[in-house]
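Notes to accompany the following structure.
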Amino acid sequence: QKNTRTVQKTIEEALSKIFEDDIELKASGRTDAGVHAVNQVAHFDIKKDIKGLKHKLNLLLNPDIVVKSVSNVNDDFHARLSVKKKEYVYKINIGPFKSSLNCYYYQPRQKLDFALMKDASKVFLGTHDFIALRSEGSSVKTTVRTIYDLKVEKEGKEIKITVTGDGFLYNMVRIIVGTLINVGRGKNQPKDIVN
């Protein structure tokens with residue numbers, strides 16, 4: 001993204017400072033606005049020693065970006081192309097009050113039917129053409145994706161939706177979650193969702 005602060009640009013600037021060279025970071029994927037990445041994998045190409053790199057990076061990075069591990073990989077490794085699976089977690093606060101962690105939760109204005117949402121989630125499992133579940137601006141070769149697992153769990157005053165797949169289209173998971181919320185609101189029935 002141009003003209004805005006990004007995780008990629010921030011890490012690239014730190015790497016470039018450490019290695020005194022221009023570094024281009026390639027990540028396993030991009031996150032949508034308002035989405036927080038945990039365990040994001042990225043790589044860059046360099047022929048210099050990376051000993052102590054994790055510590056050096058974390059000293060330079062601001063507190064909201066943390067590098068958990070650094071390792072050498074084979075030349076044929078690519079952070080995006082070598083991905084085996086990706087996982088998104090959406091949290092919905094269903095309590096009577098807004099969460100103090102509001103930036104991490106969706107807060108619906110009405111009660112959601114959890115059982116209907118759970119039932120509707122089964123429709124998305126498997127390999128399908130998800131062309132109807134992407135936003136404009138996506139330029140991919142194929143819109144076929146595999147959803148390995150889609151859990152809709154209720155824990156106290158929270159509904160947690162976890163989607164695991166081989167990859168996702170632009171805004172695909174956000175649209176899946178929105179569809180499940182509409183089912184929970186009674187706007188759609190599970191049978192209304194077409195594969």
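The values are calculated or read from the model by the stated rules, or taken from the named source; none is laboratory data. No experiment lies behind these values; they were computed from the predicted model shown. Counting neighbours? That spans all protein chains shown, and the Cβs are built from the backbone with ideal geometry, glycine included. For accessibility, only protein heavy atoms count, side chains too; no ligands or nucleic acids. Shrake-Rupley method; radii C 1.70, N 1.55, O 1.52, S 1.80 Å.
Within the stretch 158-176, the set of residues being open to solvent by less than 10 Å² (accessible area, probe 1.4 Å) and either aromatic (Phe, Trp, Tyr) or part of a helix (DSSP H, G or I) (or both) comprises Met172, Val173, Ile176. Residue count for the stretch 179-195, restricted to those that are among the small types (Gly, Ala, Ser) and open to solvent by less than 30 Å² (accessible area, probe 1.4 Å): 1. For beta carbons closer than 7 Å, sequence separation of 6+ or different chains, a first residue in the stretch 140-169 that is without any contact (Cβ under 8 Å) to a residue 24 or more places away in the chain and a second that is assigned to a strand (DSSP E or B) and open to solvent by 60 Å² or more (accessible area, probe 1.4 Å), the qualifying pairs are Val144/Thr127; Val144/Asp129; Thr146/Thr127.
Residue check: is Glu136 among the acidic types (Asp, Glu) and either at pLDDT 95 or above or more than 19 Å from the chain's Cα centre (by Cα) (or both)? Taking the combined requirement at face value, the residue does not satisfy it. Checking every residue in the stretch 21-33 against the condition of being in contact with a Phe, Trp or Tyr (Cβ under 6 Å, 6 or more places away or on another chain), open to solvent by less than 100 Å² (accessible area, probe 1.4 Å) and part of a loop (DSSP other than H, G, I, E, B) gives at least one match. Somewhere in the stretch 1-12, is a residue over 24 Å from Tyr88 (Cβ atoms), part of a helix (DSSP H, G or I), at pLDDT 85 or above and acidic (Asp, Glu)? Yes, there is a match, as at least one residue in the stretch 1-12 is over 24 Å from Tyr88 (Cβ atoms), part of a helix (DSSP H, G or I), at pLDDT 85 or above and acidic (Asp, Glu).
Of all residues in the stretch 34-87, those being under 25 Å from Ile176 (Cα atoms), not in a loop (DSSP other than H, G, I, E, B) and not basic (Lys, Arg) number 1.
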